[in-house]
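This report refers to the structure that appears directly beneath it.
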Amino acid sequence: PGLDDLIEGGIPKRSAILISGGAGTGKTIFLTQFLWEGLKRGENCLFVTLEELPEEIKGDAALFGWDLEKYEQKSQLRIEYFDPFELGDLATRIGDMIRVNNYTRVSIDSTALFGMYINDLYKIRKMLYKLVESVKRTDATILLSTEIPEGKNMISRFGVEEFVCDGIIILYYMGLGEGVFRNIEIRKMRRTNHKNGAFPMEITSHGIVVRSDMA
């Protein structure tokens, strides 16, 4: 709620969007909520996780009242765990899954884990490029999360994600005394006249809500 008002009605279909932020900013919640909204609309969705196990993803979602298991049983949702040390040709495997199962929404959490598998920055960038290009050849809309290193003035982990993706959404977290303040910024969104600047964001019992009335 509220996000679409910042980007002329919503994320463009068949685009690749980077969800970037530090630890605890709500990236996994954002990716899960994106799929949840698609599931409610009858879309087939794929969650690729390189960090949490499928049961953990479903457990976290249940805290917001999102019953992912129900959609798994109907084969409308697939949660696929990939060991970051055994990725192989990830781009081809995900692209094939999307085409065979007609997935229209895909979340990948998190590309920051690529660094555990590959030490060569050039190879990481090449893999990310191949992954995004492979998915963009399908009819799916993809969200990829990445973690910004603490204390670094960066918008992605490897410095290439922002160039291969069509959009960048940055999540911010700041603790001040006993209070917690969250903000969201649309840094880039191709094919839209998006709002600039950071806007208030809350993680409620029903998921993320953006204060678009501040736009």
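The values are calculated or read from the model by the stated rules, or taken from the named source; none is laboratory data. Predicted model only: the values in this text are computed from it and were never measured. As a convention, Cβ positions derive from the backbone with ideal geometry for all residues, glycine included, and neighbour counts pool all protein chains shown. What goes into the accessible areas is simple: the full protein's heavy atoms, side chains included, and nothing from ligands, DNA or RNA. Shrake-Rupley method; radii C 1.70, N 1.55, O 1.52, S 1.80 Å.
When Glu52, Glu80 are checked against the criterion of being touching a residue at least 12 places away in the same chain (Cβ under 8 Å), within 15 Å of Ile142 (Cβ to Cβ) and open to solvent by 20 Å² or more (accessible area, probe 1.4 Å), Glu80 stands alone in meeting it. The condition of being over 28 Å from Met127 (Cα atoms) and either acidic (Asp, Glu) or within 18 Å of the chain's Cα centre (by Cα) (or both) holds for only one of Leu50, Leu6, that being Leu6.
Tell me, which residue of the stretch 96-150 that is aliphatic (A, V, I, L, M) and loosely packed, with under 14 Cβ neighbours inside 10 Å is modelled with the highest pLDDT? Top of the filtered list is Val100.
If I filter the stretch 12-21 for residues that are among the aliphatic types (A, V, I, L, M), part of a helix (DSSP H, G or I), out of contact with any helix residue (DSSP H, G or I) (no Cβ under 6 Å at 6 or more places or on another chain) and crowded, with 17+ Cβ neighbours inside 10 Å, do I get at least one hit? No, there is no match, as no residue in the stretch 12-21 is among the aliphatic types (A, V, I, L, M), part of a helix (DSSP H, G or I), out of contact with any helix residue (DSSP H, G or I) (no Cβ under 6 Å at 6 or more places or on another chain) and crowded, with 17+ Cβ neighbours inside 10 Å.
Taking the listed residues Leu87, Leu35, the one that is open to solvent by less than 60 Å² (accessible area, probe 1.4 Å), hydrophobic (A, V, I, L, M, F, W, C) and in contact with a Lys or Arg (Cβ under 7 Å, 6 or more places away or on another chain) is Leu35, with no other qualifying. In the list Glu56, Glu43, which residue meets the criterion of being in a helix (DSSP H, G or I), in contact with a strand residue (DSSP E or B) (Cβ under 9 Å, 6 or more places away or on another chain) and modelled with pLDDT of 95 or more? Sole residue among the options that is in a helix (DSSP H, G or I), in contact with a strand residue (DSSP E or B) (Cβ under 9 Å, 6 or more places away or on another chain) and modelled with pLDDT of 95 or more: Glu56. Criterion applied to Met174, Met154, Met201 was being surrounded by fewer than 19 Cβ atoms within 10 Å (Cβ to Cβ) and either part of a strand (DSSP E or B) or at pLDDT 90 or above (or both), and the one residue passing it is Met174.
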